[in-house]
Amino acid sequence: MMHRFYALSTSFAQRWGGPVRKLPLDAGGSCPNRDGTLGHGGCVYCNPAGSGTGLAGRGLSLAAQWELWRNRLPARWRGARLMAYLQSYSVTHRSPESLAALIEEAARLPGVSSLSCGTRPDCLGEEHLALIAAAPFAETWLELGLQSASDETLTRLNRGHDAATFADAVRHAAAAGLPVCAHLMAGLPGEGIDDFLETIEYVNALPVAAVKFHNTFVARGATLETWHAAGTFAPMDRDVYVDAVCQGLARLRSNVVVQRLCADPAPGELVSPAWAADKASLLRDIRARLEAHDLWQGAAADAPAGPPAWFSPDNPPPEKKP
Ligand code: SF4
């Protein structure tokens, strides 16, 4: 089957000669949008654990979490390189000293080869960026939430920052030599497919190296749960989401690595829609629709003539990142 987008597994295989597994680590901490620095309550879609596993709150150190996830790796991944993904709340919402200690702790994890830090674009001072850029790993990524390029939507989401803040953070990170993965959401309150596509156009113009697409789902404990119960928010229909992802891929620059095509709710987290629980069938349907409509990443952007060679793991990666 033709490779129709630049998958993360392909990018890893090209750069490292084999698979890399990301293991999620909950470093505790908080988020300025929850602890009162910017506001309380958080983004409307965010669960109270701040997208983390909650394991830090249960007293598990990074090393204990690492062992837990390593031991759960299926046999086929036992030889894979391992990336530590610091993902709870906003990892850089801490002092430079605390961030340096956290990076040192992550670097001591047995068998770790790379690092990814998830945070907000307004939590990145020059010192934070320099520390992450100098982290002692084979590669270090920064994951930044944008969700929507519409400031009106960002206000509705209670994000606490605008799109320009995201753009500035991406440019600063890229200038520091850090590849950035942008988190984008389809089906946000008040948005349709066109808004999602506009967000992709916005990201195309920035030095973003990867994206994660998420379907907006109602998480237990999130503000969106109240809106959903009151009938003021309804998640996107499944077939509309599949269409949004396929159109979104067609609009996306062909050298952007696609790290994710849908959300992956934690056990017990999902309130609605029920279809969001079946990630495997959703991914199958997205791939089938790309085939059926002869679409590929970049078809409506920079690769109208066909899927570029680097979508296949057997070929070298694109010469130059944005
Ligand atoms: S989504 Fe991220 S930025 Fe928003 S409240 Fe949750 S942890 Fe904070």
| query | For region 168-194, which residues satisfy the criterion of being farther than 23 Å from Val245 by Cα and in a loop (DSSP other than H, G, I, E, B)? | reply | Ala176, Gly177, Leu178
| Among the residues listed as Ala49, Ala100, the single one being modelled with pLDDT of 95 or more and open to solvent by less than 50 Å² (accessible area, probe 1.4 Å) | Ala100
| message | I'd like to know if region 199-207 contains one or more residues that are within 13 Å of the ligand (Cβ to nearest atom) and buried (at least 21 other Cβ atoms within 10 Å of the Cβ). | response | no
| field | Where a residue in region 18-35 is within 14 Å of Ser95 (Cα to Cα) and open to solvent by 50 Å² or more (accessible area, probe 1.4 Å) and its partner, wherever it lies, is within 16 Å of the ligand (Cβ to nearest atom) and modelled with pLDDT of 90 or more, with Cβ under 8 Å and at least six apart | value | Gly29/Val91; Gly29/His93; Gly29/Arg94
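Of all residues in region 147-160 being open to solvent by less than 20 Å² (accessible area, probe 1.4 Å), assigned to a loop (DSSP other than H, G, I, E, B) and of a type outside the set (S, T, N, Q), which is farthest from the ligand (Cβ to nearest atom)? First the steps, then the outcome.
Pass one, region 147-160, residues open to solvent by less than 20 Å² (accessible area, probe 1.4 Å): 147-148, 153-154, 157, 159.
Retained after the next criterion (residues that are assigned to a loop (DSSP other than H, G, I, E, B)): 148, 157, 159.
Then drop every residue that is not of a type outside the set (S, T, N, Q), which leaves 157, 159.
Numbers: Leu157: 8, Arg159: 7 Å.
Restricting to residues being open to solvent by less than 20 Å² (accessible area, probe 1.4 Å), assigned to a loop (DSSP other than H, G, I, E, B) and of a type outside the set (S, T, N, Q), the top hit is Leu157.
When residues of region 133-170 are filtered for being closer than 18 Å to Glu97 by Cα and touching a helix residue (DSSP H, G or I) at 6+ places or on another chain (Cβ under 7 Å), how many remain?
Final tally of qualifying residues: 2.
Could you grab me the full set of residues in region 220-264 that are closer than 21 Å to Gly306 by Cβ, assigned to a helix (DSSP H, G or I) and open to solvent by less than 30 Å² (accessible area, probe 1.4 Å)?
Correct list: Val245, Cys246, Gly248, Leu249, Ala250.
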| request: Select from region 265-310 the residues that are free of Cβ contacts under 8 Å to residues at least 40 places away in the same chain, surrounded by fewer than 17 Cβ atoms within 10 Å (Cβ to Cβ) and part of a helix (DSSP H, G or I) and list them in ascending order. | output: Ala274, Ala277, Lys279, Ala280, Ser281, Leu283, Arg284, Ala288, Ala292, Ala309
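The values are calculated or read from the model by the stated rules, or taken from the named source; none is laboratory data. No experiment lies behind these values; they were computed from the predicted model shown. Methodologically, a virtual Cβ is constructed for each residue, glycine included, from the backbone with ideal geometry; neighbour enumeration extends over all protein chains shown. SASA here: full protein model, heavy atoms, side chains in, ligands and nucleic acids out. Shrake-Rupley method; radii C 1.70, N 1.55, O 1.52, S 1.80 Å.
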